[in-house]
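Asker: Dropping the structure in here first, questions after.
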Amino acid sequence: MEELDQVTLARARRGDDAAFAALVHHYDQGLRALAYRLLGDRARMDDALQEAYVHAYRALPRFRGDSSLGTWLYRIAYNACLDELKRTREVVDLESVRDRAHAAGDEIDALSLRQTLAAALDALPTEDRAAVLLVDANGFDYRSAGEVLGIPEGTVASRLNRARAALRQTLQDERKGASNR
Amino acid sequence: MNENDTVEPVRDEWLGELLRELDVPTHGPAFHTDLRRRLADERRTTRRRGATRWAVRLAVAAAAAAVAVAVVGLPRGGSPSLTGPQAASAALVKAHIRTALTTLQSLSGTLVARGPRETDGGRWRFALDAAGDLRLEGPKPGDVETYDAATGVVRSAQHSTSLGADTLFYAERSGVAPGPPDQGPPSWVLPEQYGAFLRAALADTPSSVQQTTYAGRPAWLLDVATTPNTIVPELSGDHLAITVDRATGMPVRIVERKNGAVLRELRIDDLVVDAKLPASTFALAFPAGAEVMHSDDGFERVPLDQVAAAVGYRPLVPGWVPEGYRLAEVAVAHEATPTGKEGDNPPSRMVVSLSYRRGVDQFLVTTRLRDDGNWRDPLASPEGYTDTPNPTALTAGALAGAQAQTVVSAHAEPHLWATGDALVVTVGGDLDRSTLARIANSLGRR
């Protein structure tokens, strides 16, 4: 993940609107990917990221610069997503999601690899999903991912192992199914 | 760095590529309008203040460098020096630290960094002096930043890739605090590693000291075994090889290895020690008509005898400081940005910051009103690191009876902090535990 340059960061801290807009633009795509995959809905993604950006704007003067800005911002966004999940009290029905994943496997002729992966991703627990998105998709190292998720690096590793195994198994099954059809 | 010296992969690239190909929706049509409105609301209700907090002060790295100089026996002031393959004893190290720190007056050169991530690399020209002034140039041509310690003013001309790659942006930041835990002068991006490496070298006795040559000059090569960071072991080495120029005593190359493979290299080219630097070194003039962004961190330099009138309480001043240190700066602020690991401490009010200097080394004593807030370590190590504070009972001085916490870590400068009846107090600098405690026990109302 490429970091925002120090000048833009300094200007954003001092209340420069253009610089803060540049900050949002710089990180928005990655944050959208994380939020959407965690929340599964565009409206909820937007709600969470609105909260995240306002929170970041408010807290930016206190940002110490010891962790990277990206790590700091992703942590805020991740927490906003968790808050959004709590706020809407939506209970993720893992069984139904797993069914969707399995259905995806059954109907592999009609579904793309990406759809299968998306369904398998949905089937993961939120914490495991966040870990694999941060590290494998967004390029975070374990330490930074741990900072975002508020967990030790070792826990990041174990969540990653779990998530990767599940995703790879699903993709492997899909490939087998495709070759048998 | 050898191409074969790579960090062990920690990412599933194949899976990552597939994950990045997943569809992600754009924002809804009202998202940006709503965000602008909400941020405008925030602006109306939030007092905003320039608040650049830099990772680690340049002076810290420089002090650490000076310490490392001392470790290997800088041949100045009649200090003993290492003349053959031998390990430095603790007593010898301490003797050299005392000698080197009291004499180092200026440093300049070019820092070159390479590492496993793209952001780890770059080149910076630097110059600093014993007054705390500094100048940084780079990493892009034209990027300059200066700090005038006497006035507490930072001036910069820098490029911004986000705001316009070819345009220089000018800024002046005044009222800068002398240093941590408040928003101090600028530091490098990289000396954070430089200082940490050298602290690590200090914390462990070199397992070997060998004679070598570097860039054709006689040098010593120190091998130091270090404990990898438990949080990010894949990016943290288990050995440091520190090359020290014998003529100047400065560490000129630091190589961090993990399982024998090179992780990072930091080196200083064109090093000059104790050159007389013209005052213009630390000045930056803006072009006529340039748009300059101004901000004020709120710290004002005042004479010590005017502090009480400025903040409403008599300042706590050390009755004892280590040999050679002198009071170099006294600054006060009615309000400063919150301190703490994530800026999560209560607002800092009526802050007094006393900077003591010895050569390029510095330690600071700060006080701020405690109010009713729940205070955590104002000088805690950065996000992602866990400190192990040592309880330190203060038995004398204005804080007698208070329980302080002492933290000595490679990731933050060594420090002690305590809460008194009305004040939160910090003592921080490259000092050992007993010295921190002795200073704290000597604090008295002035």
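The values are calculated or read from the model by the stated rules, or taken from the named source; none is laboratory data. Keep in mind that this is a model prediction, so the values were computed, not measured. Every residue, glycine as well, gets a Cβ built from its backbone with ideal geometry; the counts of neighbours run over all protein chains shown. The protein model used for the area step is the full one, side chains on, heavy atoms only, and it has no ligands, DNA or RNA in it. Shrake-Rupley method; radii C 1.70, N 1.55, O 1.52, S 1.80 Å.
Asker: Answer yes or no as to whether residue B:199 is charged (D, E, K, R), at pLDDT below 60 and open to solvent by 10 Å² or more (accessible area, probe 1.4 Å).
Answerer: On the way: charged (D, E, K, R): yes; at pLDDT below 60: yes; open to solvent by 10 Å² or more (accessible area, probe 1.4 Å): yes.
Considered against the rule, which asks whether it is charged (D, E, K, R), at pLDDT below 60 and open to solvent by 10 Å² or more (accessible area, probe 1.4 Å), residue B:199 comes out as yes.
Asker: Do the conditions hold for residue B:387, that is, is it within 14 Å of chain A (Cβ to nearest Cβ) and surrounded by 19 or more Cβ atoms within 10 Å (Cβ to Cβ)?
Answerer: Values: within 14 Å of chain A (Cβ to nearest Cβ): yes; surrounded by 19 or more Cβ atoms within 10 Å (Cβ to Cβ): no.
It is false that residue B:387 is within 14 Å of chain A (Cβ to nearest Cβ) and surrounded by 19 or more Cβ atoms within 10 Å (Cβ to Cβ).
Asker: If residue B:349 passes every condition in (1) open to solvent by less than 20 Å² (accessible area, probe 1.4 Å); (2) at pLDDT below 95; (3) in a strand (DSSP E or B) but one, which one does it miss?
Answerer: Every condition holds for residue B:349 apart from (1).
Asker: Sticking with this structure for a sec: In the stretch B:286-301, how many residues are assigned to a loop (DSSP other than H, G, I, E, B) and modelled with pLDDT of 90 or more?
Answerer: So in the stretch B:286-301, the residues assigned to a loop (DSSP other than H, G, I, E, B) come out as B:286-291, B:297-299.
Now restrict to residues that are modelled with pLDDT of 90 or more: B:286-288, B:299.
Matching residues across the stretch B:286-301 total 4.
Asker: Another one. For residues that are surrounded by fewer than 18 Cβ atoms within 10 Å (Cβ to Cβ) and basic (Lys, Arg), tally how many sit in the stretch B:131-162.
Answerer: Residues flagged as surrounded by fewer than 18 Cβ atoms within 10 Å (Cβ to Cβ) and basic (Lys, Arg) within the stretch B:131-162 amount to 1.
Asker: Sticking with this one: Give me the pairs, please: first residue somewhere in the stretch A:130-153 and free of Cβ contacts under 8 Å to residues at least 60 places away in the same chain, second residue anywhere and among the basic types (Lys, Arg), beta-carbon distance under 7 Å, and either six or more positions apart or on two chains.
Answerer: Within 7 Å, the pairs are A:131/A:159; A:132/A:164; A:135/B:11; A:136/B:11; A:153/A:143.
Asker: Also: Residue check: is residue B:329 part of a strand (DSSP E or B) and surrounded by fewer than 17 Cβ atoms within 10 Å (Cβ to Cβ)? Let's see the steps before the verdict.
Answerer: Working: part of a strand (DSSP E or B): yes; surrounded by fewer than 17 Cβ atoms within 10 Å (Cβ to Cβ): no.
Here the answer is no, as residue B:329 does not meet what is asked.
Asker: Among all residue pairs at least 6 apart or on different chains, which show Cβ distances below 6 Å where the first residue, located in the stretch B:314-341, is without any contact (Cβ under 8 Å) to a residue 40 or more places away in the chain and the second is among the hydrophobic types (A, V, I, L, M, F, W, C) and crowded, with 20+ Cβ neighbours inside 10 Å?
Answerer: B:330/B:354; B:332/B:307; B:332/B:311; B:332/B:352
Asker: While we're on this one: All but one of (1) surrounded by 15 or more Cβ atoms within 10 Å (Cβ to Cβ); (2) of a type outside the set (S, T, N, Q); (3) outside any strand (DSSP E or B); (4) in contact with a helix residue (DSSP H, G or I) (Cβ under 8 Å, 6 or more places away or on another chain) hold for residue B:323, so report the exception by its number.
Answerer: All conditions pass for residue B:323, except number (1).
Asker: If you don't mind, another one. Considering the stretch B:1-39 alone, what residues qualify as being modelled with pLDDT of 85 or more and aliphatic (A, V, I, L, M)?
Answerer: Hits for the stretch B:1-39 are B:15, B:18, B:19, B:22, B:24, B:30, B:35.
Asker: Would a scan of the stretch A:11-23 turn up a residue that is surrounded by 23 or more Cβ atoms within 10 Å (Cβ to Cβ), assigned to a helix (DSSP H, G or I), under 16 Å from the mean Cα position of the chain (by Cα) and at pLDDT 85 or above?
Answerer: Within the stretch A:11-23, none of the residues are surrounded by 23 or more Cβ atoms within 10 Å (Cβ to Cβ), assigned to a helix (DSSP H, G or I), under 16 Å from the mean Cα position of the chain (by Cα) and at pLDDT 85 or above.
Asker: Which numbered condition trips up residue A:57, out of (1) out of contact with any Ser or Thr (no Cβ under 7 Å at 6 or more places or on another chain); (2) more than 8 Å from every other protein chain (Cβ to nearest Cβ)?
Answerer: The number of the failed condition is (2).
Asker: Quick check on my filter: what residues within the stretch A:21-43 are more than 7 Å from chain B (Cβ to nearest Cβ), of a type in the set (A, V, I, L, M, F, W, C) and touching a residue at least 24 places away in the same chain (Cβ under 8 Å)?
Answerer: The answer is A:23, A:24, A:31, A:34, A:35, A:38, A:39.
Asker: What are the pairs with Cβ atoms under 6 angstrom where one residue, in the stretch B:288-301, is more than 17 Å from residue B:338 (Cβ to Cβ) and more than 10 Å from chain A (Cβ to nearest Cβ) and the other, located anywhere, is of a type in the set (Val, Ile, Thr) and open to solvent by less than 30 Å² (accessible area, probe 1.4 Å)? Sequence gap at least six, or different chains.
Answerer: Short answer, once both residue conditions are applied: B:300/B:332.
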